[in-house]
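Inspection log for the structure reproduced underneath, given as structure tokens.
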Amino acid sequence: MFTADRLVEVIKKRCDGRCEPVLVFWCQIATNRDELCRQIEELRGEDNIIPLVPRGLGFDNPNALLADLNRLISEHREQFVAVGSRATSNDRPLALLLLSRTEFALPQIASLTVLPHWFPRVGGESVYITIEDLTRTADGPMNVQEAHVSDLCERLFKLDVSLVRRLTGVVRRDHKLGNAFFTYVRRGEENFTGFLEGAQTYLGEIRNPQGYRPSVRDGRSLVGRLLNLMQTTTPDQIDQRAKALAKALDISEGRLPVVNDSIVAVILRPVNRDTSPSVRFARNIIATTYSSAQFITAAAHADDYPSYPILLLRSLSYNLRTTLDDLTQVLVRLDNTSDTPP
Amino acid sequence: MHRLLTSIEHDKLIQLMPQLKESLNNFSPKRRRQLTQTLEARGHGTSPQKLPAAEPVTQRKRSASPAHVGREDSEVRRQADLSAELRKELAELSDKYMFQWGTYYRDTVGRMFYLTEDRMKQTRNPRNVEYAVTEEFARHSSEIFGKGFKYSMDEELIDSSSAINKSLAGLQRFLELPLEVYSAQVGSVKDASGARALRGTCSAIIAGILEGFGAVPFGETYGWKLLPQYPRLWAHYLGFLTGDAVDRLESQLGSGSIRDGVRDSVIPVARAIDQLITEAQESNVCLPGLGQFVTNSWRLEISLLLPPSVDLKRYLDIHCYLRASTVDQTQLTESANRGVSLIAAPLRADLYDWMKANEALRAIVVNTSLTGNNTIERANQRALEFLSYEIDRFATDANRTRPLRYNFARDFPLHNPVLNTYFHVQRTSVRNLLRVFERRNGVRLWCSVRRSGKTTATFDLSATTGSSVVITQTCDNTDQVSGFGLFYERFTEAISQGRQLSATFFQDTVNQCLQGKSGADNKLVFVLDEYETLFERMGAAIRKERELRYTVIQPLLNQMVAFSRQNLLILIGQRPDAHYIIMDQNQLSPYVEQDMYPLFDHTEGSTHSEFYNLLGKILTNRVTFDDSFANAVYLETGGHPWLTVNLLVDFFDWLIQCERPVGALNLTSEDFDMFASVRLTTEYIGTCTEYLWFREVISEALGEYARDWTPWLHAVYLIMRRIIEENPERIACSRSRFSELVKELKLQQNFGYTADYILSTAIPSNFLWLRGDEVLPRIRLMARISLAAHPRVTW
């Protein structure tokens, strides 16, 4: 899951300001571990990072966890001796990275272990080391590469395009269907058709969908209006807005395929069940576009926010992107079936 | 040769001068230069050392008066008596109790140590006593290691390198014994003559052991050639040898870097320490308290224990670098940054220039490289100047009304197994427990809380007691003591190979673990430390490969049962339930009987209990305490050594914060109560760094992973937490409430544990305690920590 440079970066960050002489990290790796070791050794620079590959018995017994670690260290004595002189001449911790095939899920209740006498700085001393599983805890800023923010932008853009196209088609057939929805997103004296034409023009001007960031303040895009809608609505009111959007999209219940709610849509679930699948679909659109746009904005200002586990950012981004994609596909299909006479 | 030159009568020296000079041509250039200087200094009528040279009794007789002759005769008689006594005792050890370090050797060496020390205090020629003691120990050491090696080769038929490893492990154990006696006394030496006697005695015995080992032929090599290859095993004792003893040792060591390093850097420092003691004013004596050899940088670290009048600091640290190639700017700076008072190091020319330009280093570094005008004597003189200056500096700072600034308890080396030797407390309670069962057969289980001294006490048991031979093994992976992981190694090999276990696997492995002890006619007591690792590895192996159950695991369990029918098997660990694996066919578990494992014992008013001794070692000779203080600390820690150190380190921090005057360090229970009211609260314990390790471990034990992997531990910590949560003042609950808690925590529903089962297993493991109708945590401080610990959030 992680590249060599990501692991080196995360470990370097972990070592900053730490006073412990030894830090131990675990990472589950599905690819070629020896090759990854080689890459890490090339990338580590002046940092005392030692990648190791545990093989055979061990690390399956909470009582012997540190004893197993000690054995692994002894088996790789040359590597430690090679790094040893550097490790004693700077204050940076010695970071051991265990690249394993399996996940790490043991309680760390082992007794202290005595490191071999040749171990840099703390040889012959008894130490207690907590092993940190980077598979789960390796963190990074919101714009970390693994979050695929540009792809998220592009998929949000595609949904915006599909929504505008669908709403325009429905308004052309029956302008009354969109009225209720438009009352929630209208600004000033504009009419729905005029807004949709403006939104279409705006989307047509976007040259780089991978950098798409809808603006609430400009309000030229439909997604921008949905974002504003969400920000000015209480959780109890979302149901009404979702009903209006479902009507504006003219979704026939019978032809609506199942689209899984994004995780954010579930977390923002209403107190009462959605009244119909089309309302649930529309609520999913509102919640998912809102959370995607927020993710994108936070990524653009990543320095203002804390770091989060890369696994979480990656999973959330994936969930949002697949949901956006599913919603877009459904809208495209609805358009196609509506255009085709039964 | 050095001894000859310094002890020979002046007239005789002048007479033999030409021959002696000729003999010196046979030595290496550096050594020749050094000996020539000594010879010339004596030739001009001056002694190169301040210490009086040994005076052969026969030579002194000539010029003595009749009364003097009478005194000399009685001296000779007493010395002869001492030698005879030592020889008799050592001969008995050699004949009957060879290599039984933990029992007979410890007792005998202790007795001989005190005997020699007394003799040293009475005699006017302590060096003669030293030589005599060294000679006796050298003879004995040579004899037993020679016999041991021969037995390993001829009877056990093991290869030469394994036999040498066994001998080296034995040497380590033997060397520890005089150090133990020395360490127990070093803090209470009252005057210079007592210090001289203590140092001389310790030095004489250690030197004898090393010299005897050196003389042993080990196949194609000799002990003197082996010692330079394994400096880690013995070099840390060099600081406890007198200058003469180091000199003698160096002249016999096989050539190599270590020999040069000892000659250049250690001899001057050892002589300087001797001189400091000789010149000390009454109680202001400094003796080596700790010694450590850092193999990475070939650095001998000696910590001189400062006299009790010095309150600013407990030790003066000395670093002796033994190899020029391992000294560089970083090393010197690191030593200086650690507040070292003296660095003795052979410096290359460029490093020397750099050092001279550094003001801080210039004041503490002695260049021991024998180049230019440098000699051992000059280095010795410089070392003495530096050390004297430092001692004076601290002594004049002493002021009894000044607030305490130094945390003496923090010097207790919790994380350093080598230094632990100097703080070792004999666990008679554990030996007594073994005595109760050693005549029986079966499987005993001794469990106790983490860090309660199980492993240390277990290694102490590794000796024969009465008619039994005790074999100690551990499943922990450590290179601390070679040979103690043999059984576990053989077991993991068997699992890796996966072949059908031979019918005699267990017995064969036990025989290998005997390490030269004669066990054929005796009952065996096989003590296995960290036993959970063995059984959990068995479980993990079966989960990975089912076939192993039938090829290795079940046969091994059956063989252990068979062994226990005629011998005693003792399993040691933390959890009493780890042996419950493959229960449908586990033949071993039904035989397992759990005993109450003792923490450091103490009874109110006792001043010789294990716990009282431990407190003395932690608090040092700068602090006195009364019974009420000892009782209060014992009530809190229950005699758990690790937590006692943690608590007292924090106690000292509190004293420092309260600005307690150094002249008012007589501790009572009132002090402890005041400390407890502010420092033993959940809020404070939750952030105090001293309890960090226990907090982490308990957090893990309370977490979800531990619920799956170590349910017993999880359940016990859960219930301990609930007891203190409900009764924060009394820290106890009634037995009926305990049963309700077991229900409320669903311990029976989730894990099958009844209240009685938990009590019957957690009490002998030192987690809980029963007092009348009350259930309470055995270690109150641990219960407090469990309340402050947050269950780990798991993935």
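Descriptive notes on the structure:
- One equal scatterer on each Cα of chain B, no solvent, Debye formula: the resulting log10 I(q)/I(0) at q = 0.05, 0.06, 0.08 Å⁻¹ is -0.31, -0.44, -0.78.
- Buried on assembly, the range A:49-70 (at least 40 Å² less accessible surface than by itself, 1.4 Å probe): A:Leu57, A:Asp60, A:Asn61, A:Asn63, A:Ala67
- Bridgeable lysines around A:Lys176 (alpha carbons under 22 Å apart, same-chain partners fewer than 8 residues away excluded): A:Lys243, A:Lys247.
- Relative contact order computed over chain A (Cα-Cα under 8 Å; 6+ residues apart), in percent: 20 percent
- A straight line joining the Cα centroids of the range B:545-560 and the range A:283-342 runs 55 Å.
- Estimated FRET transfer efficiency (B:Thr36, B:Trp354; beta-carbon r; R0 41 Å; 0.05): 0.85
- Prolate/oblate/rounded label for the range B:203-243 (Cα gyration tensor, a/c 1.5): oblate
- Interchain or long-range residues, amide H under 5 Å from A:Ser307's placed H: none
- Per residue solvent-accessible surface (Å²) - chain B, probe of 1.4 Å: 40 Å²
- The relative contact order of the range A:219-342, computed from alpha carbon pairs under 8 Å that lie at least 6 residues apart in sequence, is 32 percent.
- The accessible-area ordering, largest first, of the residues A:Met1, B:Met112 stands as A:Met1, B:Met112, per a 1.4 angstrom probe.
- Separation of alpha-carbon centers, the range B:269-306 and the range A:10-59, rounded to whole Å: 41 Å
- With N counted as the residues of chain A, its alpha-carbon radius of gyration over 2.2 N^0.38 Å works out to 1.33.
- Taken one residue at a time, the phi angles of the range B:573-583 give Karplus couplings (6.51, -1.76, 1.60, θ = phi - 60°) of x, 9, 9, x, 10, 5, 7, 7, 10, 5, 5 Hz. Gly and Pro are set to x.
- Label-to-label distance, nm, for residues given as B:Asp756 and B:Thr689 (7 Å Cα→Cβ offset): 4.9 nm
- Residue-wise HN-Hα couplings along the range B:679-695, as the Karplus relation 6.51 cos²θ - 1.76 cosθ + 1.60 with θ = phi - 60° gives them from phi, are 10, 9, 9, 4, 4, 5, 4, x, 10, 5, 5, 5, 9, 4, 4, 5, 4 Hz; Gly and Pro carry x.
- Per residue, the convex hull spanned by the alpha carbons of the range B:527-580 comes to 70 Å³.
- Global geometry of the range B:564-695, whether rounded, prolate or oblate, following the gyration tensor of its Cα atoms and the 1.5 cut on a/c: prolate
- Calculated log₁₀ intensity ratio I(q)/I(0) where the Debye formula runs over C-alpha points of the range B:749-795, q = 0.15, 0.21, 0.22 Å⁻¹: -0.52, -0.86, -0.90
- A:Thr31 versus B:Arg338: modelled label distance in nm, points set 7 Å from Cα along the beta carbon direction: 4.2 nm
- Counting only protein heavy atoms and a probe of 1.4 Å, the accessible surface of the range B:121-172 is 51% carbon and sulfur.
- Close amide H contacts of A:Ile49 (hydrogens built in the peptide plane, cut-off under 5 Å, sequence separation of 5 or more or a different chain): A:Ala95.
- Backbone HN-Hα couplings from phi across the range A:112-122 [Karplus 6.51/-1.76/1.60, Hz, Gly and Pro as x]: 5, 10, 9, 6, x, 4, 8, 5, x, 6, 10
- Computed helical MRE - 222 nm, chain A, DSSP H runs ≥ 4 contributing -39500 (n - 2.57), nearest 500: -16500 deg cm²/dmol
- Close amide H pairs (under 5 Å, H built 1.01 Å from N) link B:Val470 with B:Ala463, B:Thr464, B:Thr465, B:Val525, residues at least 5 positions away or on another chain.
- Greater than 28 Å apart at Cα, pairs in B:Lys147/B:Lys225; B:Lys96/B:Lys150; B:Lys147/B:Lys617; B:Lys121/B:Lys225; B:Lys96/B:Lys190: B:Lys147/B:Lys617; B:Lys121/B:Lys225; B:Lys96/B:Lys190
- Binned Cα-Cα distance frequencies in the range B:487-574 - 10 Å width, integer %: 16, 50, 29, 5, 0
- Carbon and sulfur %, accessible surface of the range A:194-315 computed with the full protein complex present, 1.4 Å: 48 percent
- Counting heavy atoms of the protein chains alone, B:Ser167 has an accessible area of about 10 Å² for a 1.4 Å probe.
- For B:Ser325, B:Ser193, the ranking by accessible surface with the largest value first comes to B:Ser325, B:Ser193, using a 1.4 Å probe.
- Excluding exposed DSSP-loop trypsin sites (Lys or Arg not before Pro) (at most 13 other C-beta within 10 Å), longest clean stretch of chain B: B:547-729
- Relative to the current alpha-carbon distance between B:Asp595 and B:Tyr114, full extension at 0.36 nm per residue lengthens the span by 169.6 nm.
- The largest accessible area among B:Val793, B:Val133, B:Val294 belongs to the first residue in B:Val793, B:Val294, B:Val133, and the rest follow in falling order (1.4 Å probe, all chains).
- Residues along the range B:268-302 losing 50 Å² or more of accessible surface when the other protein chains are present rather than the chain by itself (probe 1.4 Å): B:Asn296
- Rg(Cα) / (2.2 N^0.38 Å) computed for the range B:271-420, rounded to two decimals: 1.07
- Calculated log₁₀ intensity ratio I(q)/I(0) where the Debye formula runs over C-alpha points of the protein assembly as shown, q = 0.08 Å⁻¹: -0.97
- The relative contact order of chain B, computed from alpha carbon pairs under 8 Å that lie at least 6 residues apart in sequence, is 10 percent.
- For A:Glu42, the accessible surface of its heavy atoms amounts to roughly 130 Å² (probe 1.4 Å, protein chains only, rounded to the nearest 10).
- Extension gain, B:Gln281 back to B:Arg490 (0.36 nm per residue minus Cα-Cα distance, nm): 69.5 nm
- If a spin label sat at a point 7 angstrom from the Cα of A:Val332 along the line to its beta carbon, no backbone N atom of the range A:130-153 would be nearer than 11 Å.
- Shape call, the range A:192-323: gyration tensor on alpha carbons, a/c limit 1.5: oblate
- For the range B:698-729, a drop of 20 Å² or more in accessible area on going from the chain alone to the assembled protein chains (1.4 Å probe) is found at B:Glu700, B:Tyr705, B:Trp709, B:Thr710.
- Taken along the Cα-to-beta-carbon direction at a fixed 7 Å, the label points for B:Thr794 and A:Arg213 span 4.2 nm.
The values are calculated or read from the model by the stated rules, or taken from the named source; none is laboratory data. This structure is a prediction, so every number in the text was calculated from the model and none was measured. So basically every Cβ, Gly included, is an ideal-geometry build from the backbone, and we count neighbours across all protein chains shown. Keep in mind that these areas ignore ligands, DNA and RNA; they rest on the heavy atoms of the full protein, side chains included. Shrake-Rupley method; radii C 1.70, N 1.55, O 1.52, S 1.80 Å.
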